[in-house]
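The values are calculated or read from the model by the stated rules, or taken from the named source; none is laboratory data. On a predicted model such as this, the values are computed, not experimentally measured, just so you know. Here Cβ is always computed from backbone atoms with ideal geometry, including for glycine, and neighbour counts include all displayed protein chains.
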Amino acid sequence: MSSKEARLEAELRELAASTAQLEAPAELEAKLRAAYRRQRPARWPYWAAAVAAGVLLAAGAAAWVARRPTPAPAAPVVAASPQPVVVLPPAPVGPPAVARRLPATRPARVRPREVATEFLPLQYGEILAPLESGNLVRVRLPRSSLTSFGLPVAEERMAERISADVLLGEDGTARAIRFVSLR
Amino acid sequence: MEATLTDAELLQAVLAGDEEAFTALYRRRQRAVYRFAYEMSGSAVVAEEVTQEVFLALMRDARRYDASRGTVATYLYGIARHQVLRMLEKDRKMVSIDETDQAEPAAQEDPLVELTRRERVELVRRAVLSLPANYREAVVLCDLHEMGYEEAAEALGCAVGTIRSRLHRGRALLVEKLSGLLGSPRERCTA
């Protein structure tokens with residue numbers, strides 16, 4: 001090692017000694033602890049989001065199948081090209097399946113209207129990155145959870161359940177929630 | 001009890017939602033993270049921001065830690081390094097001369113000797129800050145944090161040979177930049 005390199009080592013040691021006592025400001029610890037506390041209970045694991053999304057998809061598919069108009073049962077049905085042509089045998093004389101019992105001309109069912117609150121931010125403070133994209137997941141919660149957001153709930157309805165849409169960030173963190181009721 | 005746990009054990013507890021474990025891990029590792037960020041950026045503001053980001057990332061992504069790839073300490077250095085480079089990329093005018101006083105302990109010796117010492121330290125600090133980032137991080141980890149080559153390689157995610165060559169090149173550049181200082185007689189401070 002040359003004398004300059006040896007001197008450089010000594011100078012670097014001195015520089016290291018000058019910063020050895022440095023540490024983050026004390027308030028940062030409190031800030032991070034608060035962030036840890038906030039994110040711990042409200043965190044939505046990926047699997048929960050996936051399960052919720054799966055349930056929603058399944059419910060949506062079931063609703064779509066149930067509402068789809070069904071063909072008249074007596075006539076043979078020929079599938080349209082380009083699919084392979086399938087000729088079905090005449091329908092059995094027995095009672096029709098429940099789904100087919102609905103008349104084709106049945107008047108449209110009046111669907112209850114959804115009324116939702118604004119999206120309410122879940123409390124993470126200022127440290128979360130801005131949301132660029134996310135997923136919306138419908139969940140059912142006890143009506144009493146409305147009180148956590150300062151919303152009024154009648155005492156006798158506390159035990160009832162209410163629908164809510166939870167906005168999940170890209171990292172799976174629940175960022176905001178809105179409550180939905182049917183009118 | 002947290003004091004007796006290893007970093008990896010604390011991290012497991014953090015994952016399980018133990019706030020005291022998080023605090024213990026933070027207290028144990030914040031100094032090294034903050035200091036590394038400060039020495040890489042020359043800015044106390046950036047060092048604080050990086051420290052915050054490192055521990056927020058730990059909360060979010062602690063499950064990504066793989067013990068077979070290194071210690072928790074090198075994992076944190078790795079996150080810190082990523083954050084520092086990101087910020088350096090964002091803002092290249094990061095060296096704040098006004099902040100350098102924070103790094104200096106209070107003067108206890110002869111004012112003239114102390115002044116000379118501070119000037120030398122400041123010159124070396126600036127020389128280190130002027131190194132290209134890949135050489136700088138090798139010098140900061142190995143020379144200022146006294147990390148071994150293997151540990152530094154884990155932190156930076158590169159081969160040991162790469163660390164050696166970057167360190168060698170970084171030191172050579174420092175000798176070049178500080179040739180005036182290193183050629184002059186050194187006034188050592190005596191306590």
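Odds and ends about this structure:
- Annotation: of all residues in segment B:164-191 being basic (Lys, Arg) and not in a helix (DSSP H, G or I), the one that is modelled with the highest pLDDT is B:ARG186.
- Given (1) over 19 Å from B:LEU15 (Cβ atoms); (2) surrounded by 15 or more Cβ atoms within 10 Å (Cβ to Cβ); (3) at pLDDT 70 or above; (4) of a type in the set (A, V, I, L, M), number of the condition A:ALA26 does not satisfy: (2)
- Residue match in segment B:82-92 (condition: within 26 Å of A:GLY172 (Cα to Cα), modelled with pLDDT of 90 or more and among the β-branched types (Val, Ile, Thr)): yes
- Looking only at segment A:11-25, residues that are more than 7 Å from every other protein chain (Cβ to nearest Cβ) and either of a type in the set (A, V, I, L, M) or touching a Pro at 6+ places or on another chain (Cβ under 8 Å) (or both) come to 2 in all.
- Residues within segment B:6-39 that are more than 8 Å from chain A (Cβ to nearest Cβ) and among the acidic types (Asp, Glu), tallied: 4
- Residue within segment B:140-152 that is in a helix (DSSP H, G or I), under 12 Å from the mean Cα position of the chain (by Cα), crowded, with 21+ Cβ neighbours inside 10 Å and of a type outside the set (A, V, I, L, M) present: yes
- Residue check for B:GLY42: within 14 Å of chain A (Cβ to nearest Cβ), surrounded by 14 or more Cβ atoms within 10 Å (Cβ to Cβ) and either within 26 Å of B:GLU150 (Cα to Cα) or at pLDDT below 95 (or both): yes
- Residue check, B:GLU104 at pLDDT 80 or above and out of contact with any Leu (no Cβ under 7 Å at 6 or more places or on another chain): no
- Taking segment B:45-80 as the range and being within 11 Å of chain A (Cβ to nearest Cβ), within 24 Å of A:SER18 (Cα to Cα) and of a type in the set (A, V, I, L, M, F, W, C) as the test, the residues that pass are B:VAL45, B:ALA47, B:VAL50, B:VAL54.
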